[in-house]
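In what follows, a single structure is set out as structure tokens and then discussed.
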Amino acid sequence: MTHGVATSHAPPRPQSFLRRNVFSVDHKVIGRQYLDLALVAVVTGMVLSWVMRFHLGWPETPVPGLGKLAPTGAAGGVITPEYYLALMTMHGTIMVFFVLTTAPFAGFGNFFLPIQVGAEDMAFPRINMTSFWVTLLALLVLLSAFFVGDGPPLSGWTAYAPLSAVGKDAGPGQGVGQTLWAVSIAMFCVAQLLGSLNFIATTLDLRTKGMSLARLPFATWAWFITSVIGLVAFAVLMPACILLILDRVAGTSFFIPAGLVISDRLQPHAGGSPLLWQHLFWFFGHPEVYIAILPGFGIVSQILPVFARKPLLGPRVFITCLIAIAFLSYTVWGHHMFLSGMNPLSATLFSVPTLVITIPAAIVTLLWIGTIYGARLRFTAASLFALGFVSVFVSGGLSGFFLAQPSTDIYLHGTYFVVAHFHFVMGVAAMFGIFAGTYFWFPKMFGRMMNETLGKWHFWLTFIGVYCVFMPMHYLGLAGNVRRYSAFTDDYLQPLIPLHRFITIAALFTGAAQLIFLFNLIRSRFRGPKAPDNPWEATTLEWSTSSPPPHDNFGGRPPVVSHGPNEYGGTGGGPRDYVMQADPQ
Amino acid sequence: MSTAVLPPSTRVPAAPVVASGGGPRPSVAQTGVWIGIATISMSFAALTSALVVRQSSAPDWQHITLPPLLYLNTLLLVASSGTLEWSRRRQAPAGLLATLALGLLFVAGQILAWRRLGAQGVFLATGPSSAFFYLFTALHALHVLGGLGGLVYVQRRAAALNAAALYWHFMAVLWLYLLVLLTWLNR
């Protein structure tokens, strides 16, 4: 036994059901809990978006059943402008924090990072468990805003001050609802900081014998770099939320200027700076985009070589690009604020790194395309979603060029063009990463295969669906359709309503396609055929252990690594065209 | 388990370390504390920049008189760092208890300092200067309480001593930074 090297870092397997499945310190259970949480959150967020879309297409038609659920916000089922903003705020907050951050980073990262580095558990299992439960509590606090006071907040997922700071006078939901929002996000920051701490310490200190940094799988590199970004970004958002809470409940004036009159009432504050909130928020907010997307980069870079049976092109260039993106992500936050009023010189200073950051992003894309160039691709649901990721990431990235430049951004920033841009590049792309990861890793996580036919149907319907939803929004934006408005019945935007109706139908259709995924997920969990240890013929350490992995991941024998993660397409190694990381020298 | 082969006096590291390059690595707990230090520094840096922006955004910055008690508290905290280092190097458990006592006295002293300020009529919402004063001291005190928790934990698991000591010294350094910042702002 090699117990001398890694004496049970994982705590012994507990016996009681609760300790094993609910209050577990096992990183695999915690990873699944994060994914389950994200699933509940994404369903909630999607239903909210359907209600909003329905209202945008048919502003005067009551939404069936909504009148009973929200008697003040939607009396008789017709949504008030305020309630539209409330839905938008909750949709954005739930999706960005509790889906796009939680699933690809905390969910898959928790499950697979320790296995991929050959560790038995995270560096600090109890902190890891705390991190999940704080996240869950944060989600419950956020959702409780639906049921208390005058409903959810209205200030968007960015919670711009002073709207978010002044309280009840600013509208329904700006009382208790907005305070709950700030408390929830502050808690979420704590959870993510604890999680990032764990990811970094595990990657640095718990790698198994032979797992040098150069041999780390690409997904682990991506999670590691993401956690470094998160460590800095959430460390700024948390104090910002504390300042916001103090402005709201303790009478301070960090963000509220003097002489502000809202709802005919002079606000009892003075001297604060609304722009200060925007700076603090976007210093977090832009890196957050990369927190959402970089795990997808890692997942796709791990999946494409497996199904192309070719090594990833330029692995070192790929990692260098990730690090470059991480650094640059801290220098570009001002490009969210061109419209907020900014010295033209500062705008240029923020514009240049924004354009520069497209270089590493473009290089990574070219590496992916180079990897599949000339390959005989194995088309599975996982590889299709990985390819789809590249497609939607490029589609969303291209519109970024227009938004990176202040002159064009000032026209486009308040329009649906921006909605199209960030939904493609951050929302849909990250979701495709999550889907790719799910189809790829499901056999390892649950020991059963997912249904490939349903998976491919799910891919094609989703792929076509998201383009139908978000492509026309570029046109809406160029035509001057402002965002965040609940209806366009009486003004110059009326001719665009048919397009809104098309988008709404496409959104409902795409949403319905997700039922295929849900069905596949639940059915395969219980009825799927048994999965072998390495169904995709991949190289990384998770495929060297059983499906699902035992409690301490490797059955008491930590693997010894003699190969990099990228050894595909060889011919000299006998019948296999790949070399696993744990294969002997 | 490795404890069976090691003599009972040997210190077991906080968490077994899996060497990757062969050479010894700092213990995992210490890595964790370094990462924590990075995060906490970033948070206070963010608050400092918020302070700079807020100070220049409006002409309503009022100077407050810092209670002299703060300097006594500073001495207590620096002394607690000294006793901890003494305890760590000489393996003297008494030093650890002294550190705990001094740390508790520091927090009590900070609360007393707030009360002194309150007696002058200076509260959180009085002005931007006082808001930042209460915010900085409260956040720092909370982190000190966390450090005290760590020191209590060390009583049970001596292996975590180095990590806890690292954090505790950082608390002293952070406080010195905050004191200089607050003094300079209210000069």
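The values are calculated or read from the model by the stated rules, or taken from the named source; none is laboratory data. None of the values given here were measured: they were computed from a predicted structure. Note that each Cβ is placed from the backbone with ideal geometry, even for glycine, and that neighbours are counted across all protein chains shown.
Which members of the stretch A:63-82 meet the condition of being part of a loop (DSSP other than H, G, I, E, B) and under 15 Å from A:Trp50 (Cα atoms)?
A:Val63, A:Pro64, A:Gly65, A:Ala74, A:Val78, A:Ile79
Any idea which of A:Val183, A:Val190, A:Val236, A:Val228 is touching a residue at least 40 places away in the same chain (Cβ under 8 Å), of a type in the set (A, V, I, L, M, F, W, C), part of a helix (DSSP H, G or I) and facing another protein chain (nearest Cβ under 8 Å)?
Details: A:Val183 fails: facing another protein chain (nearest Cβ under 8 Å); A:Val190 fails: facing another protein chain (nearest Cβ under 8 Å); A:Val228 fails: facing another protein chain (nearest Cβ under 8 Å).
Just a single option satisfies the conditions, and that option is A:Val236.
Residues in the stretch A:239-261 that are at the interface with chain B (Cβ under 9 Å from one of its Cβ atoms), surrounded by fewer than 24 Cβ atoms within 10 Å (Cβ to Cβ) and among the hydrophobic types (A, V, I, L, M, F, W, C): how many?
4
Here is a list of conditions, (1) closer than 30 Å to A:Gly210 by Cβ; (2) modelled with pLDDT under 95, and A:Glu542 meets all of them except one; can you say which number that is?
Going through the list (1) closer than 30 Å to A:Gly210 by Cβ; (2) modelled with pLDDT under 95, A:Glu542 breaks only (2).
Of all residues being more than 23 Å from the chain's Cα centre (by Cα), part of a helix (DSSP H, G or I) and of a type in the set (A, V, I, L, M, F, W, C) in the stretch A:335-355, which is farthest from A:Leu398 (Cα to Cα)? Just the residue, please.
That would be A:Leu345.
On the basis of being more than 30 Å from A:Gln581 (Cβ to Cβ) and part of a helix (DSSP H, G or I), does A:Met88 make the cut?
For A:Met88, the condition - more than 30 Å from A:Gln581 (Cβ to Cβ) and part of a helix (DSSP H, G or I) - is met.
Filter the stretch B:22-74 for residues that are more than 10 Å from chain A (Cβ to nearest Cβ), within 30 Å of A:Ala201 (Cβ to Cβ) and either in contact with a Lys or Arg (Cβ under 6 Å, 6 or more places away or on another chain) or at pLDDT below 95 (or both) and give the result.
The answer is B:Gly23, B:Pro24.
I'd like the full set of residues that are out of contact with any Leu (no Cβ under 7 Å at 6 or more places or on another chain) and surrounded by fewer than 21 Cβ atoms within 10 Å (Cβ to Cβ), limited to the stretch A:290-318.
If the condition is that a residue be out of contact with any Leu (no Cβ under 7 Å at 6 or more places or on another chain) and surrounded by fewer than 21 Cβ atoms within 10 Å (Cβ to Cβ), then A:Arg309, A:Pro311, A:Pro315, A:Arg316 are the ones that fit.
Quick check on A:Gly447: is it surrounded by fewer than 21 Cβ atoms within 10 Å (Cβ to Cβ) and over 24 Å from A:Phe517 (Cβ atoms)?
no
In this structure, does A:Glu82 turn out to be charged (D, E, K, R) and away from chain B (no Cβ under 14 Å)? Step through it out loud before you land on a result.
Values: charged (D, E, K, R): yes; away from chain B (no Cβ under 14 Å): yes.
Against the criterion (charged (D, E, K, R) and away from chain B (no Cβ under 14 Å)), A:Glu82 qualifies.
Considering every residue within the stretch A:473-488, establish whether at least one is assigned to a helix (DSSP H, G or I), surrounded by fewer than 18 Cβ atoms within 10 Å (Cβ to Cβ) and among the hydrophobic types (A, V, I, L, M, F, W, C).
The answer is yes, given that some residue of the stretch A:473-488 is assigned to a helix (DSSP H, G or I), surrounded by fewer than 18 Cβ atoms within 10 Å (Cβ to Cβ) and among the hydrophobic types (A, V, I, L, M, F, W, C).
State whether one or more residues within the stretch A:356-375 are in contact with a Lys or Arg (Cβ under 9 Å, 6 or more places away or on another chain), among the hydroxyl-bearing types (Ser, Thr, Tyr), crowded, with 18+ Cβ neighbours inside 10 Å and within 24 Å of A:Phe463 (Cα to Cα).
Within the stretch A:356-375, one or more residues are in contact with a Lys or Arg (Cβ under 9 Å, 6 or more places away or on another chain), among the hydroxyl-bearing types (Ser, Thr, Tyr), crowded, with 18+ Cβ neighbours inside 10 Å and within 24 Å of A:Phe463 (Cα to Cα).
So A:Asp577 ticks every box in (1) among the charged types (D, E, K, R); (2) farther than 22 Å from A:Ala214 by Cα; (3) more than 32 Å from the chain's Cα centre (by Cα) but one. Which box is left unticked?
Every condition holds for A:Asp577 apart from (2).
Identify, please: which residue in the stretch A:262-289 is away from every other protein chain (no Cβ under 14 Å) and over 30 Å from A:Phe435 (Cβ atoms) and is, among those, surrounded by the fewest Cβ atoms within 10 Å (Cβ to Cβ)?
First, pick out the residues of the stretch A:262-289 that are away from every other protein chain (no Cβ under 14 Å): A:262-266, A:286, A:288-289.
So of that shortlist, the ones also over 30 Å from A:Phe435 (Cβ atoms) come out as A:262-266.
Values: A:Ile262: 17, A:Ser263: 10, A:Asp264: 6, A:Arg265: 11, A:Leu266: 11.
Across the stretch A:262-289, the extreme among qualifying residues is A:Asp264.
Tell me, which residue of the stretch A:319-334 that is assigned to a loop (DSSP other than H, G, I, E, B) and crowded, with 19+ Cβ neighbours inside 10 Å is nearest to the chain's Cα centre (by Cα)? Can you show your working first?
Within the stretch A:319-334, the first condition is being assigned to a loop (DSSP other than H, G, I, E, B), and the residues that meet it are A:329-332.
Add one more test, that the residue is crowded, with 19+ Cβ neighbours inside 10 Å, and what stays is A:329, A:332.
Numbers: A:Ser329: 16, A:Val332: 19 Å.
Looking at residues that are assigned to a loop (DSSP other than H, G, I, E, B) and crowded, with 19+ Cβ neighbours inside 10 Å, I get A:Ser329.
Only one of (1) in a helix (DSSP H, G or I); (2) of a type outside the set (A, V, I, L, M, F, W, C); (3) more than 14 Å from chain A (Cβ to nearest Cβ); (4) surrounded by fewer than 21 Cβ atoms within 10 Å (Cβ to Cβ) is not met by B:Gly121, so which one is it?
Looking at each condition in turn, B:Gly121 falls short on (1).
Consider B:Ala108 carefully, then state whether it is at pLDDT 95 or above, of a type in the set (Gly, Ala, Ser) and surrounded by fewer than 15 Cβ atoms within 10 Å (Cβ to Cβ).
So B:Ala108 passes the test.
On the basis of being surrounded by 19 or more Cβ atoms within 10 Å (Cβ to Cβ) and assigned to a helix (DSSP H, G or I), does A:Ala538 make the cut?
Working: surrounded by 19 or more Cβ atoms within 10 Å (Cβ to Cβ): yes; assigned to a helix (DSSP H, G or I): no.
For A:Ala538, the condition - surrounded by 19 or more Cβ atoms within 10 Å (Cβ to Cβ) and assigned to a helix (DSSP H, G or I) - is not met.
State which residue pairs qualify: first residue surrounded by 15 or more Cβ atoms within 10 Å (Cβ to Cβ) and inside the stretch A:501-518, second residue of a type in the set (Lys, Arg) in any location, beta carbons under 7 Å apart, and separation of 6 or more residues or different chains.
A:Ile503/A:Arg53; A:Thr504/A:Arg53; A:Ala507/A:Arg53
Restrict the check to the stretch A:152-163 and report whether at least one residue is assigned to a helix (DSSP H, G or I), in contact (Cβ under 8 Å) with a residue 12 or more places away in the chain and in contact with a Phe, Trp or Tyr (Cβ under 9 Å, 6 or more places away or on another chain).
There is no residue in the stretch A:152-163 that is assigned to a helix (DSSP H, G or I), in contact (Cβ under 8 Å) with a residue 12 or more places away in the chain and in contact with a Phe, Trp or Tyr (Cβ under 9 Å, 6 or more places away or on another chain).
In this structure, does A:Gly433 turn out to be crowded, with 21+ Cβ neighbours inside 10 Å, over 27 Å from A:Phe488 (Cβ atoms) and touching a helix residue (DSSP H, G or I) at 6+ places or on another chain (Cβ under 9 Å)? Full working, then the answer.
Numbers: crowded, with 21+ Cβ neighbours inside 10 Å: yes; over 27 Å from A:Phe488 (Cβ atoms): yes; touching a helix residue (DSSP H, G or I) at 6+ places or on another chain (Cβ under 9 Å): yes.
It is true that A:Gly433 is crowded, with 21+ Cβ neighbours inside 10 Å, over 27 Å from A:Phe488 (Cβ atoms) and touching a helix residue (DSSP H, G or I) at 6+ places or on another chain (Cβ under 9 Å).
Of all residues in the stretch A:199-223, how many are more than 7 Å from every other protein chain (Cβ to nearest Cβ), crowded, with 24+ Cβ neighbours inside 10 Å and either among the small types (Gly, Ala, Ser) or more than 16 Å from B:Val28 (Cα to Cα) (or both)?
8
Is it the case that the stretch A:555-578 has a residue that's among the hydroxyl-bearing types (Ser, Thr, Tyr), in contact with a Phe, Trp or Tyr (Cβ under 7 Å, 6 or more places away or on another chain) and closer than 26 Å to A:Ala41 by Cβ?
No, the conditions are met nowhere in the stretch A:555-578.
Scan the stretch A:71-88 residue by residue and report those that are surrounded by fewer than 21 Cβ atoms within 10 Å (Cβ to Cβ) and of a type in the set (A, V, I, L, M, F, W, C). Break it down stepwise before answering.
If we filter the stretch A:71-88 for residues that are surrounded by fewer than 21 Cβ atoms within 10 Å (Cβ to Cβ), which is where we start, we get A:71-72, A:75-78, A:80-82.
Correct list: A:Ala75, A:Val78.
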